[in-house]
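A quick write-up on the structure given underneath.
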Amino acid sequence: MSSKIQSIRGMHDLLPEQSPLWQFFENTARTVIQSYGYNEIRMPIVESTDLFCRSIGEVTDIVEKEMYTFDDRNGDSLTLRPEGTASCVRAGIQHGLFHNQQQRLWYMGPMFRHERPQKGRYRQFHQIGVETFGMDGPDIDVELILMTARLWKQLGLKDVRLEINTLGSNEARAQYKTVLIDYFNQHKELLDEDSTRRLESNPLRILDSKNPAMQELIESAPKLMDGLDEESQQHFTQLQSQLTAAGIEYSVNTRLVRGLDYYCKTVFEWVTDQLGSQGTVCAGGRYDGLVKQLGGRMTPAAGFAMGIERLLALLQDQGFECDGSIDVYLALQGDLAQQKGMLFAETLRDTLPELSMQVNCSGGGFKSQIKKADKSGATLALILGEDEINQQTVTVKHLRKDIEQQTIKQSEVCSFINEYLNN
């Protein structure tokens, strides 16, 4: 007997009872982001492997260990996108979106990384990303942070805190890498395997190590803040001043470096203590050199991405519930009602486009249909039988309140439903 085919580890089905929470989150995020004047862009899930090697950096965990990469029939190396920023930049260069223009863009969709699945972290996961191009001041960094703060407010999300840092200009960061390499080379015997591997190519990632044995060494490492150029210092000072003026609480975390090579100047994370080791729910910053790195002109850029699964897990841990029940169930009794019922339902939908309604299909007795109506979660059951058809009426059964069944004219049904559901 053949074995059952199941979903791939770390790639999950989204079942109907889970969908309402996802839809609520996606709709809320879309409304907030578009209220700031951002436009949606949609990129392919599959890209050239070279795109991510050149943007993320070849000596990163993502490129070295986590990408889903394969050769297609033409022998080209393709990769399921592990993040969205590189794809967005590639699309902007390809379609001429950046030349003498400012862009505010956002996207939503699945990303793929082959890593150990755990709470809030899966091999297929979903992100909402926001990217801006052509603006070099700290004000756009502040706008991105304000947007995320507004989203948490709209969602009712609690217990997330903002951490910020600066990585300085690309030049300052390059100089700091040299200083770090010298420092860690002097203490090479204390480095673990991952840190030794990163030492020459990506020493900033050593600062982000969670290895307890290395914490004292990391704490004593030279600070990037001590070597910042004047322009980067001014940018970070203005950022903090504007955040304070906007009433945003934050803390400066000098060990916040972000895992991708393309970041510079501002970096930020919204973090929580409620998801174990997967505490970051939204992260971003500036990446002024990435457009040029991928073949475009020098273009200032900043953005963020948030993991939908982690945010939903946090909402659920905080007791958030989202009801996906329908409003009305239409029960049809007899052949005449079956003939007229669908047209009646369409008329209701024409008049009340926001109405969520199920129509009973495949027959069944009255008791059976009322059971289906109750199971559907509907607030009201509308009953249409031969008598109602002949008298141009509808019987209304209240499923969630102790109110007697009543009969109303079909011409009054829409106003009745509208008033009932909005009170």
Checklist entry - Is one or more of the residues making up the range 307-321 basic (Lys, Arg) and in contact with a Leu (Cβ under 7 Å, 6 or more places away or on another chain)? => result yes
Review point. So is Gly92 in contact (Cβ under 8 Å) with a residue 12 or more places away in the chain, within 18 Å of Ala29 (Cα to Cα) and in contact with a strand residue (DSSP E or B) (Cβ under 7 Å, 6 or more places away or on another chain) or not?
Key: no
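Yes or no, residue by residue, for (1) among the small types (Gly, Ala, Ser); (2) assigned to a strand (DSSP E or B); (3) more than 17 Å from Ala29 (Cα to Cα):
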site	(1), (2), (3)
Ile128	no, yes, no
Asp136	no, no, yes
Trp152	no, no, no
Asp159	no, no, yes
Glu163	no, yes, yes
Gly168	yes, no, yes
Tyr183	no, no, yes
Arg197	no, no, yes
Ser201	yes, no, yes
Scanning the range 178-205 residue by residue, those of a type outside the set (S, T, N, Q), modelled with pLDDT of 85 or more and either within 23 Å of Phe236 (Cβ to Cβ) or under 29 Å from the mean Cα position of the chain (by Cα) (or both) turn out to be Val179, Leu180, Tyr183
Condition set without any contact (Cβ under 8 Å) to a residue 40 or more places away in the chain and not in a helix (DSSP H, G or I), scope the range 220-240, selection nearest to the chain's Cα centre (by Cα): answer is Lys223
Counting only residues that are over 15 Å from Val257 (Cβ atoms) and of a type outside the set (Ser, Thr, Tyr), the range 176-200 contains a total of 12
Ala174 fails exactly one of (1) in contact (Cβ under 8 Å) with a residue 12 or more places away in the chain; (2) assigned to a helix (DSSP H, G or I); (3) among the hydrophobic types (A, V, I, L, M, F, W, C), namely (1)
Modelled with pLDDT under 95, more than 25 Å from Cys264 (Cα to Cα) and not acidic (Asp, Glu): does that describe Asn100?
no
- Query: Yes or no: Leu312 within 30 Å of Gly279 (Cβ to Cβ) and either in a loop (DSSP other than H, G, I, E, B) or in contact with a Phe, Trp or Tyr (Cβ under 7 Å, 6 or more places away or on another chain) (or both)?
  - Reply: yes
Scanning the range 1-39 residue by residue, the ones that are surrounded by 15 or more Cβ atoms within 10 Å (Cβ to Cβ), aliphatic (A, V, I, L, M) and outside any helix (DSSP H, G or I) total 0
With criteria (1) acidic (Asp, Glu); (2) under 27 Å from Arg113 (Cα atoms); (3) surrounded by fewer than 17 Cβ atoms within 10 Å (Cβ to Cβ); (4) in contact with a Ser or Thr (Cβ under 8 Å, 6 or more places away or on another chain), Asp288 comes up short on (3)
Every listed condition ((1) of a type in the set (D, E, K, R); (2) without any contact (Cβ under 8 Å) to a residue 12 or more places away in the chain; (3) in contact with a Gly (Cβ under 9 Å, 6 or more places away or on another chain)) holds for Glu386 save (2)
Notebook entry, point to check: Just a yes or no: is a residue in the range 40-61 surrounded by fewer than 19 Cβ atoms within 10 Å (Cβ to Cβ), under 30 Å from Ile326 (Cα atoms), at pLDDT 95 or above and basic (Lys, Arg)?
Noted result: no
Result of the Cβ filter at 6 Å on the range 133-159, keeping first residues that are β-branched (Val, Ile, Thr) and partners that are part of a helix (DSSP H, G or I) and surrounded by fewer than 21 Cβ atoms within 10 Å (Cβ to Cβ), at least 6 apart or interchain, is Val142/Gln242
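So that you can scan it fast, the table gives a plain yes or no per residue for (1) of a type in the set (S, T, N, Q); (2) in contact (Cβ under 8 Å) with a residue 60 or more places away in the chain:
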site: Gly247; (1), (2): no, no
site: Thr266; (1), (2): yes, yes
site: Glu269; (1), (2): no, yes
site: Arg286; (1), (2): no, yes
site: Ile308; (1), (2): no, yes
site: Leu315; (1), (2): no, yes
For the range 1-60 the number of residues that are assigned by TED's automatic domain parsing to the domain that holds Leu146 and basic (Lys, Arg) is 3
Filtering the range 263-285 down to residues that are modelled with pLDDT under 85 and over 16 Å from Asp208 (Cα atoms) yields Asp273, Gln274, Leu275, Gly276
The condition of being modelled with pLDDT of 90 or more, in contact with a helix residue (DSSP H, G or I) (Cβ under 8 Å, 6 or more places away or on another chain) and not aliphatic (A, V, I, L, M) holds, among Phe344, Phe366, only for Phe344
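The values are calculated or read from the model by the stated rules, or taken from the named source; none is laboratory data. Predicted model only: the values in this text are computed from it and were never measured. Glycine also receives a Cβ, built like all others from the backbone with ideal geometry; neighbour counts cover every protein chain displayed.
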